[in-house]
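**Q** Attaching a single structure in structure tokens format; questions to follow.
The values are calculated or read from the model by the stated rules, or taken from the named source; none is laboratory data. All figures in this text were calculated on a predicted structure; none of them were measured in a lab. Don't worry about glycine lacking a Cβ; one is built from the backbone with ideal geometry, like all the others, and counts go over all protein chains shown. Protein only, heavy atoms only, side chains kept; ligands, DNA and RNA dropped before computing areas. Shrake-Rupley method; radii C 1.70, N 1.55, O 1.52, S 1.80 Å.
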Amino acid sequence: MTTYLLAGGGTAGHVNPLLAVADALMARDPDATVLVLGTREGLEARLVPERGYELLFVEKVPFPRRPDAAALRFPARFARAVRQVRGHIRERSVDVVVGFGGYASAPAYVAARRARIPVVVHEANAKPGLANVLGARGAAASGVAFEGTPLRGAEVVGMPLRPEIVNLDRDALRADAAAEFGLDAVRPVLLVFGGSLGAVRLNRAFADAWEDIVAAGWQILHAAGERNDIADPGDPAYRIVPYIDRMDLAFALADAVVSRSGAATVSELSALGLPAVYVPYAVGNGEQALNAASAVAAGAAVIIPDAELTGDRIRSAVVPLLTDSSALGRMRAAAAQVGTRSGSENVIGLIDRALAR
């Protein structure tokens, strides 16, 4: 019986692919032992136990970004975290460590090497995090979600996705999805969302341009965020909701999407063959634009920079796209080429190869 230690967390971008691989491992071999390594502060502290997996803890030790007191304490704190993970590996007879980035991954990679067990790395973003850059240097195998991700020795395996996305039958669910959101199942639907908190830029632009989209024959399902200040015009073709719990139903109903370009979003839309207009979040290191780059290069999506998204830009760029059925058809076909629903299985393939060495 194999014991897997999956390390990662902090954000949903690390936790969700980790859990997707955990589920796929257990589906393949119910007798396997799947353990998760994380911190007490990260999202994994809630999501992992809710999914039924045992969570082992390691101290959260951020890499120092400047020469200050925290930097002086870092070596001792990191060494302590490595010892914590080595204890877990020894006590639970771990056979392989699989890292997904985040604070838990770096000490896990070091501990695994010292314990002489294989390491597998998966990077979800087109711009790798520091932990995975370091982990890939001595990994038995590494995989990335996007073509062109600069991670040593990595191969493109795609993103491990939630089962409800992997198994989504859009045609079969369209009528139910339309009823759920109060829209017409026959008319095309543009899905607009900017994450759980919404996106002010998207909200303002669509508040200005929604009538032009509706006049073009489309309906809009707009997840505007929990604290949005957008006024609902009351038009039955423009459905505004604060949040969408069932994104699988939203994706089943959508014929095109305007959204941010987080790694999971890009991977899910590509896997489902949905044409997309991405508006990358402008804060950070530009990783959202990089996440969308392979889909854009393949012709599956277009990018509008955040600063340029206005009602006028929607009228000049998005509305013409929505009324060009040939262009949308080409985008759907391209998305099907760059997307995959087998990311979890592909990561498991890396794990099997690492264990067979």
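**Q** Suppose R0 equals 22 Å; then what is the FRET efficiency for Val186 and Glu164 from their Cβ-Cβ distance, rounded to the nearest 0.05?
**A** Details: r = 24 Å, r/R0 = 1.11.
With R0 = 22 Å, the Cβ-Cβ based efficiency is 0.35.
**Q** In debye to the nearest 20, how big a dipole does region 1-90 give about its Cα centre with +1 on each Lys and Arg Cβ and -1 on each Asp and Glu Cβ?
**A** Numbers: 13 positive and 9 negative charges, 120 e Å.
Once rounded to the nearest 20, the dipole reads 580 debye.
**Q** Where the only charges are on Cβ atoms (+1 Lys, Arg; -1 Asp, Glu), what is the dipole of region 290-333 about its Cα centre, to the nearest 20 debye?
**A** Charge dipole, region 290-333, about its Cα centre: 180 debye, nearest 20.
**Q** Quick one: helix 325-338 against the long Cα principal axis of the chain, what's the angle to the nearest 10°, folded into 0 to 90?
**A** For 325-338 against the chain, the angle is about 10 degrees.
**Q** How many percent of the accessible area of the chain is carbon or sulfur, using a 1.4 Å probe? Display every interim value, and only then the final one.
**A** Values: 7810 of 15690 Å².
Ligands and nucleic acids excluded, carbon and sulfur give 50 percent.
**Q** I would also like to ask the following. Hey, what angle do you get for helix 200-215 against the long axis of the chain, alpha-carbon based, 0 to 90 degrees rounded to 10?
**A** Between helix and principal axis, roughly 40 degrees.
**Q** Also, I was wondering about something else. Pull out the extension gain between Ala69 and Arg152, defined as 0.36 nm times the separation in residues minus the alpha carbon to alpha carbon distance; nm, one decimal. It would help to have the intermediate numbers written out before the result.
**A** Details: separation 83, 0.36 × 83 = 29.88 nm, distance 3.18 nm.
Result for the pair: 26.7 nm of gain on full extension.
**Q** Okay, next question. If you take the charge dipole of the chain about its Cα centre, with +1 on Lys and Arg Cβ and -1 on Asp and Glu Cβ, which of Phe100, Asn125, Phe193 is farthest toward its positive end?
**A** Phe100
**Q** Using the crude model of +1 on Lys and Arg Cβ and -1 on Asp and Glu Cβ, and no other charge, please compute the dipole size for region 94-244 relative to its Cα centre, in debye to 20. Write out the running numbers ahead of the final one.
**A** Working: 14 positive and 17 negative charges, 223 e Å.
Rounded to the nearest 20 debye, it is 1080 debye.
**Q** Taking 0.36 nm per residue of sequence separation and subtracting the Cα-Cα distance, how much length would be gained by fully extending the chain between Glu308 and Ala356, in nm to one decimal? Kindly include the intermediate steps, with their values, before the conclusion.
**A** On the way: separation 48, 0.36 × 48 = 17.28 nm, distance 5.06 nm.
Full-extension gain reported as 12.2 nm.
**Q** Which FRET efficiency, nearest 0.05, do Asp171 and Gln337 yield, Cβ-Cβ r, R0 30 Å?
**A** Numbers: r = 20 Å, r/R0 = 0.67.
Step by step, r from the Cβ atoms, then E = 0.90.
**Q** Within 10 Å of each candidate Cβ there may be at most 15 other Cβ atoms; applying that plus a DSSP loop requirement, which GluC sites (Glu not before Pro) in region 140-175 survive? Let's see the in-between values first.
**A** Numbers: sites: Glu147, Glu155, Glu164; in loops: Glu147.
Here the GluC sites (Glu not before Pro) that fit, given the DSSP loop and packing criteria, are Glu147.
**Q** Report, to the nearest 10°, how far helix 343-356 tilts away from the longest principal axis of the Cα atoms in the chain, using its own Cα long axis and a range of 0 to 90°.
**A** 20 degrees
**Q** Over the chain, average the accessible area per residue using a 1.4 Å probe and give it in Å², no decimals.
**A** Values: 15690 Å² over 357 residues.
Accessible area per residue, the chain: 44 Å².
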